[in-house]
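First up is the structure itself, then whatever we jot down about it.
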Amino acid sequence: MTQRSVPPAEPSTAEGGALLQELFTLRRDPLPKMSRPRWLSRLPQVVVVYLAVFFGFLTNQQLFDHYHVTGGPPVVMSLMTGLSIGLALSRPVAAWWLGLITTGVIAYAIHDHVGQGQTWPWMPGAVLSFVPLVLLVALRVPARVTGAVVAISLAFTGLAELLFRPERSASSFFLSGLAFGFAGLLGYALRATRLARGRLVAQETLTEEERARRTLLEERSRIARELHDVVAHHMSVISIQAQVAPHLVENPSAELKENLAGIRQNALEALTELRRVLGVLRSEQADDPANPHHPQPTLAELDGLVANVRGAGLEVTTEIAGIRRPLAPGVELTAYRIVQEALSNCLRHAPGSRVEVGIAYGPRDLHLCVANSAPTRPSPPSPGAGHGLLGMRERAGMLGGELAAGPRPDGGYEVSAVLPLDPPGGSPSETKKDV
């Protein structure tokens, strides 16, 4: 038996159900607060409360003076008018319905008291008191709901005039249509502006986070490219040592030769995979001949780095404490890059300053400090994302170290780092030149 598939609901049916749900809701929807300046955050609430009191008194005054309705009903209808405006602070749709019901009650009360040329079913003050309700609804609901609110309000006016309009009264349809339409358009425009501003702020936040994340990934990629050379070098050394070792032993056993051959084979396979996977990180094109592999810098080249900065116009002094000795390749490379980046920042942001570079070799840690005095002239605009400190912290954190940076009391700036000589996950080894 062939089963017939049930067609999905029509979009218009779903939209109509959502519109009815929006029109007959009692959910709380308070006015959005203004964040800046702080003293203005409650101003909209104060204005709405003032309008509620004002239009309550205005309704009572017009019922007495213009339509000559006396007794208790005018007081009740005035309170209903003020209550509807006040309720719009938290429940705008419910407040609109209450205002529409209040208008119907007022229209019934004044029906037999309408004089020549007086408007009905809306009193002049009632039209003005209903405008804030339409505006406060339009500020909080989608455009289709605002359109329905204005349409229902005008439909109420048209049907009342068509069926129950007193003979001597003047039509209020044109006046109410103009006022309610303007309030709906104004509320829609203000709501659209507020939503667009909120989306713009959210997009700017996401863009800044994405820029920082991209900068971090680029810095990690650069670190991986540099450490790739170090790891590849040591894997090459392991392979060569495993190949040479049998020749250094007199009458090596077959088992020794087999184990050393296995070590060499595993080293070559690991080196091949390392170059295949990490080699693409060296450039946008993995086989770029313009970006050849080369030994990574160490602290032994610090004098050349300082000489280049001096040639650029900065006064740089260096001080080394402790016994200067070769360190693990990762520590050497990280220390050199931190000093290099700190000196580059001095060139960009502190022209004419005096720079002090301090390196202290401890028994377990390497201490770095690059400090500059206040610049003697304004720094030129510097292109770039401005995330140099982020890269330095990433390098120090990779080794389990710490980095701190901040201004000095004399107007200068200082960058200091502590790098463990025995990083987590490995032991320090001596730096070897590429073979």
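The values are calculated or read from the model by the stated rules, or taken from the named source; none is laboratory data. What you see is a predicted model, and the numbers here were worked out from it, not measured in a lab. Here the Cβ positions follow ideal geometry from the backbone for every residue, glycine too, while neighbour counts run over all protein chains shown. Protein only, heavy atoms only, side chains kept; ligands, DNA and RNA dropped before computing areas. Shrake-Rupley method; radii C 1.70, N 1.55, O 1.52, S 1.80 Å.
Things worth noting here:
- Treating r as the C-beta distance of R364 and R199 and R0 as 60 Å, the FRET efficiency rounds to 0.70.
- Stretching H113 away from A212 to a fully extended chain increases their span by 28.5 nm, per 0.36 nm per residue minus the current alpha-carbon distance.
- Integer Hz, Karplus 6.51/-1.76/1.60 couplings in order for the range 103-120, x for Gly and Pro: 5, x, 5, 5, 4, 5, 5, 9, 4, 8, 10, 6, x, 5, x, 7, 6, 8
- With every protein chain in place, the range 88-189: carbon and sulfur % of accessible area (1.4 Å): 73
- Built amide H within the under 5 Å cut-off of R354, gap 5+: S373
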